[in-house]
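One structure below.
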Amino acid sequence: MPNFIMSYLNSKDAITPGAAGSQFWALIYVFVIFTGVSVAVMAMNWLERKALAHFQIRLGPMRVGPHGLLQPIADAIKLMLKEDIIPAEADQFVFWVAPMIGLLAAFAVYTVIPFGPSQAVSDMNIGILFMLGVSSLGVLGIVVAGWASNSHYPLIGALRSSAQMVSYEVAMGLAVVSAILMTSMNASGTGTLSMIGFVRAQQEQGVWFIFKFFPLGLIAFVIFAIAMVAETNRAPFDMAEAESELTAGYHTEYSGLRWSLFMLAEYAAMIAVSSIAVTLWLGGWMRPFPNLLNARTWDFIFSLFPALTFFGLAAIGIVGVVRMSSHSFFRIQRIGLAVFAAVLGFIALLLLVIAVAGRSADANVAASSASRFREGIDYVYWFVLKVAVFMYLFIWYRATWPRYRFDRLMRVGWKVLLPISLGVLIVTAIVGVIVS
Amino acid sequence: MVPITTFHYLVIAAALFVLGVIGVLTRRNVVIVLMSIELILNAVNLNLVAFSRMWGNLHGQVFAIFVTVDAAAEAAVGLGILIAFFRNRETINVDEIDLLKW
Amino acid sequence: MNPGLNPGMVRDMAPVATPFFFYLLAGLAVAGGVLVITRRNAVHSALALIVTLLAVAGLYLMLFAPFVAGVQIIVYAGGIMVLFLFVIMLVNIERSSKDRRFNRMWPVGLAAACALLALFVSAFVKGKALFPDRMMSLPESSNTQQIATMLYGEAGKMGPYTFAFEIASLLLLVAILGAVIMTKKKI
Amino acid sequence: MNARANDRTDDHISDSTNDVANRAPSNLDLDAPATPYLDSNELIINMGPQHPATHGVLRVILKLDGEKVLGTECVIGYLHRGVEKIAENRTYTMFNPYVDRMDYVAAVSNGLGYCEAVEKLMNVEAPARAKYIRVILTELNRIASHQLWLGTHALDIGAMTPLFYTFRDREEILKIFEKYCGARLTTHAFRIGGCQYETYAGFEKEVKNFLTYVAPKIDEYEELLTTNRIWLERTKNVGVISGADCIALGVTGPVLRASGVKWDLRKAQPYAAYSEFDFEIPVGTNGDTYDRYLVRMAEMRQSLRIIEQAVNRIPEGPIMAKVPKVIKPPVGEIYHSIEAPKGELGYFIVSDGTTQPYRLRVRPPSFVNLQALDRMVRGLLVADVIAVIGTIDIVLGEVDR
């Protein structure tokens, strides 16, 4: 193998390819993350429709594939084949470029998201600053899309969303700053802006920041959680695309592939902000109680979780196969679901084998490559699991709450969240000074 | 390739600065004039950060941050004036902003 | 990989701090700048300006100033430019887009700008020898901490810019008040 | 009409009547020159006729300052089918199914009003059993109509889930209708002089089952919305209209009652068998969207009470009065109104002694209530316009006729 491939794999300490200066592996990571996020968006699409349907005593997609599993793919094909309409009065170039801006902003964020100590494209010194900055570029796409459509409803949607996102960014940023303050509660007194540094700080201090200086961390986290719903234009803050008010808001005039790019950007941004929340307050890639239950046995037990999860999913699939009507009409669907369950089961087996093979035999022995691989899977698993909880929350919000009104939304942003986050920031600083 | 030195950055900054000045002096649309001012400020920032690297200390970068603060304040107030003006005169044309009082 | 560089010092920047990236970003910045002042449509100008700002942020990264680059992206691209776009949408630009692009005095302005350019060129030509060939490498990984030290001071002592920083915050406060009062319909 | 206005005594009726009368019919001044100041923010947008939240084909021209509504103008008639003119060319019996197509979510009420009006004109009275069946079906239909209103109103405000809950439960009502008369929506359940059909076997039991089924479901809707903070913020003090204004504008139904005026034709001018039942008229206090919501929720419960009493006490006997095969009412005119789910539904019929009405005029509650829209939404935001359109509970089939 060429040196530029192996040198990164052979390096002893866990660093990201960006930090190691390995362009090759950075590219591989970028590719993997891009694919992963795209697949996650598709899965999220299916999951949202399914979960929302079950909230609303419906079945959701059932026709395309067993339990509608192939629905996102069918949708993607449909959207790609649809006629791409650009309104005659629209500003052609800007209309064309707007979805790209949103998509670029949503995906650029993933370069610094740490799925594990070395499972990130790069560890920037200004990671969180970069994330906030780039994710705030997403609003440009929306604003420009609304303007370029040259139509009233999109324009109102664009104005609403620009005001909304800029306002909530303030509260969001202040909540983040209080988390940044918490990273500096160590011996040297220096904090960090690096995303990996956040998780390491939580590891060193032995507490997720959501529980740090209880309830200060919790309040900051809640503010962030509210602001991130507003930032991603999701219900109940989906003012910018309020369906019943502005038909579809800023993307009223969009159709086909361009429209799907907006959707992709929205879901990617949801995953991205959830990742920020997970990294800053929920311990990032760390499994529960890494310091309390740190015996090797516990390590092994927790490393079984990925396999168990997939076994559970496979079991759900099998239940689906059993419950599906035995009518010949459903034969293909049954077979398809059975194959899907089998694939899930196979993945579970694979994960189980990795977990067993990679268990650290002795703490003193240097980690084998198998155990490093196992650790990597664990990190990514716990990270993704935490993000998935947020994704579920997004769906839950949407099923439960009516839409906020725009002026109330702004009032909440400026008069409630902003003062509270400022207060939390100040109190955190004071408490930090007293404690240290 | 020649190594990149401070001089290269200064050339870029000078180019941006001159472009900004041209914009301020020739455009009619106030919004674009304000944008040109942002260009000028960016050119200054680039100079400051380049010098910061040249001398190996961070004073330049700190100054760049101050300039950014300044730019934010300028944009907010400038655009505020612009909106107030537009309300009264229905134009954002510098040629027509020729009264001290109305 | 650049084996010659000291990995501890410039490890983070090594892959991107190349002449290629410099010329790419510089080209983008200047091209964006040209578009800003030549586009008829203010929204196009704003988009071009965003390109310039992002390219300049990239240049900051190459100059070992990641914090300034981050601030540039958040404040300029994410904040100020959204404000610009917001205002462009509020004011009716249909008329202005049909008008002449340049004001009455444009030849004078252009001449003045050219004179400025000539001044710069002459200064550069004369002073080129003064610039060192090699640039220094700043410690990139502790950049933010060092800036914080300069702004806020360390261990109870005020930093050299603490007072200026407070003044800057005051300036922002005044700007907020000014903008609010200016845009309020009825006071 | 004057006598009735006196019944709803309220001392400031007269002032506000004048106030409304003096207002120009169109209040938007769409062609007026822009004011020199602030006009940059004025925006005129068409909401509808194709819009997800205008309940069909209502078109509202909104004059906005930013997002604030300066004025509205409703453009209606996209669904005009000339129902009143059709009536003049159909016999009384033939016209009966047409009324179902006006307020298609409350077709039974429409049929009841028409049949009773013609009966009154002919001086015929439906038998007691027929009256009880009419009451049961009408009240079921009131619940169905309110459920549909709740679902769509909540959807307009952004809460998706109640829609599906209400549709699930409305389905049970429609099943009863289907079993009774074969149609789910445009039921054509009643005939002039009584009912066409005897109840099917197990009708009482099914209705009782429905009552026990739906009562907790109504609690379920309320659980989702009544104390939901966002719902409160979106509906409280939105679209406030005073009782006097309501009366001046002729607004009736839950909208009127939510403004504190205790006026329900079932109590005020009992028709069918309503005088025999014990029920209350829920009344609001503030006249805002939230009160209208509460009033309708309470009305659903009251309807359940009425249905329960009616099912328990339903008498035996004929279901059709003696009416001639060819209906030829005597020369004369009649105005008869009932309390439809949306308000006062009146039929004014002029008979010239032939088999066809000389003139038939419908007073549809949606149409009259829609007049209050402008009064309610001035100064509010675009989002509130949606909420208010939803809360007035219009059906465009009835508005346009």
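Exactly one residue out of A:VAL199, A:VAL170 is under 22 Å from A:ARG408 (Cα atoms), in contact (Cβ under 8 Å) with a residue 60 or more places away in the chain and more than 14 Å from chain D (Cβ to nearest Cβ), and it is A:VAL170.
Taking D:LEU112 as the residue in question, decide whether it is assigned to a helix (DSSP H, G or I), among the aliphatic types (A, V, I, L, M), in contact (Cβ under 8 Å) with a residue 12 or more places away in the chain and within 14 Å of chain A (Cβ to nearest Cβ). Spelling it out, it is not the case that D:LEU112 is assigned to a helix (DSSP H, G or I), among the aliphatic types (A, V, I, L, M), in contact (Cβ under 8 Å) with a residue 12 or more places away in the chain and within 14 Å of chain A (Cβ to nearest Cβ).
Candidates A:SER167, A:SER194, A:SER178, A:SER162: the one that is over 26 Å from A:ARG287 (Cα atoms), buried (at least 22 other Cβ atoms within 10 Å of the Cβ) and at pLDDT 80 or above is A:SER162.
Here A:GLY60 fits the description: outside the structural domain of A:GLY317 (by TED's automatic domain parsing), closer than 29 Å to A:TRP396 by Cα and outside any helix (DSSP H, G or I). What residue, among those in region A:274-304 that are in contact with a Lys or Arg (Cβ under 7 Å, 6 or more places away or on another chain) and assigned by TED's automatic domain parsing to the domain that holds A:PHE198, is farthest from A:PHE115 (Cα to Cα)? Result: A:LEU282.
Of the candidates B:LEU79, B:LEU16, B:LEU100, B:LEU34, the single residue that is modelled with pLDDT under 85 and either more than 7 Å from every other protein chain (Cβ to nearest Cβ) or part of a helix (DSSP H, G or I) (or both) is B:LEU100. Return yes when C:MET105 is among the hydrophobic types (A, V, I, L, M, F, W, C), at pLDDT 70 or above and closer than 20 Å to B:PHE51 by Cα and no when it is not. Here the answer is no, as C:MET105 does not meet what is asked.
Here's the yes/no breakdown for (1) within 30 Å of D:ALA383 (Cβ to Cβ); (2) hydrophobic (A, V, I, L, M, F, W, C); (3) free of Cβ contacts under 8 Å to residues at least 12 places away in the same chain:
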| position | (1), (2), (3) |
| --- | --- |
| D:THR186 | no, no, no |
| D:LYS205 | no, no, yes |
| D:LYS208 | no, no, no |
| D:LEU225 | yes, yes, no |
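Within region A:120-129, is there a residue that is modelled with pLDDT of 85 or more and within 21 Å of A:ASP238 (Cα to Cα)? Among the residues of region A:120-129, not one is modelled with pLDDT of 85 or more and within 21 Å of A:ASP238 (Cα to Cα), which makes the answer no. Filtered by the rule that a residue be surrounded by fewer than 19 Cβ atoms within 10 Å (Cβ to Cβ) and away from every other protein chain (no Cβ under 14 Å), region A:377-410 gives A:VAL380, A:LEU385, A:ALA388, A:VAL389, A:TYR392, A:LEU393. Look at region A:25-43: where a residue is under 17 Å from A:TYR381 (Cα atoms) and a partner is at pLDDT below 85, sitting 6+ places away or on another chain with Cβ atoms under 7 Å, you get A:TYR29/A:PRO17; A:TYR29/A:VAL121; A:ILE33/A:VAL121. Just one of the listed residues (D:GLN50, D:GLN147) is among the polar types (S, T, N, Q) and outside the structural domain of D:GLY193 (by TED's automatic domain parsing), and it is D:GLN50. With respect to the conditions (1) of a type in the set (Phe, Trp, Tyr); (2) touching a residue at least 40 places away in the same chain (Cβ under 8 Å); (3) within 11 Å of chain C (Cβ to nearest Cβ), A:PHE130 falls short on a single one, namely (2).
In region D:227-243, the residue that is surrounded by the fewest Cβ atoms within 10 Å (Cβ to Cβ) out of those that are among the hydrophobic types (A, V, I, L, M, F, W, C) and within 12 Å of another protein chain (Cβ to nearest Cβ) is D:LEU232. Identify the residue in region B:30-55 that is in contact with a strand residue (DSSP E or B) (Cβ under 9 Å, 6 or more places away or on another chain) and in contact (Cβ under 8 Å) with a residue 60 or more places away in the chain and, among all such residues, is surrounded by the most Cβ atoms within 10 Å (Cβ to Cβ). The residue in question is B:VAL30. The selection criterion, being of a type outside the set (S, T, N, Q), within 7 Å of chain C (Cβ to nearest Cβ), under 30 Å from C:VAL91 (Cβ atoms) and crowded, with 22+ Cβ neighbours inside 10 Å, holds for B:ARG27. Can you say whether B:ALA43 is under 26 Å from C:ILE147 (Cβ atoms), more than 7 Å from every other protein chain (Cβ to nearest Cβ) and touching a helix residue (DSSP H, G or I) at 6+ places or on another chain (Cβ under 8 Å), as far as the supplied structure shows? When the stated conditions are applied, B:ALA43 passes them.
Going through (1) part of a strand (DSSP E or B); (2) surrounded by 23 or more Cβ atoms within 10 Å (Cβ to Cβ) one by one, D:SER366 falls short only on (1).
A:PHE115 passes every criterion in (1) surrounded by fewer than 24 Cβ atoms within 10 Å (Cβ to Cβ); (2) part of a loop (DSSP other than H, G, I, E, B) apart from (1). Considering region A:317-367, the residues that are surrounded by 14 or more Cβ atoms within 10 Å (Cβ to Cβ) and of a type in the set (S, T, N, Q) include one that is modelled with the lowest pLDDT, namely A:SER360. For region C:21-37, the candidate set comprises residues that are within 13 Å of the chain's Cα centre (by Cα) and not hydrophobic (A, V, I, L, M, F, W, C); within that set, the residue that is surrounded by the fewest Cβ atoms within 10 Å (Cβ to Cβ) is C:GLY32. The criterion of at least 3 residues that are within 27 Å of D:ARG361 (Cα to Cα) is met by the following helices (runs of 4 or more DSSP H) wholly inside region D:238-344: D:243-249, D:254-258, D:265-268.
Residue-by-condition table, conditions (1) within 10 Å of the chain's Cα centre (by Cα); (2) more than 8 Å from chain A (Cβ to nearest Cβ); (3) surrounded by fewer than 24 Cβ atoms within 10 Å (Cβ to Cβ):
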position: C:ARG40; (1), (2), (3): no, yes, yes
position: C:HIS44; (1), (2), (3): no, no, yes
position: C:THR52; (1), (2), (3): yes, yes, no
position: C:VAL56; (1), (2), (3): yes, yes, no
position: C:LEU59; (1), (2), (3): yes, yes, no
position: C:LEU63; (1), (2), (3): no, yes, no
position: C:PRO66; (1), (2), (3): no, no, no
position: C:GLY70; (1), (2), (3): no, no, no
position: C:GLY78; (1), (2), (3): no, no, no
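The values are calculated or read from the model by the stated rules, or taken from the named source; none is laboratory data. Remember, it's a predicted structure, so these values are computed and weren't measured experimentally. We place every Cβ from the backbone using ideal geometry, glycine too, and count neighbours over all the protein chains shown.
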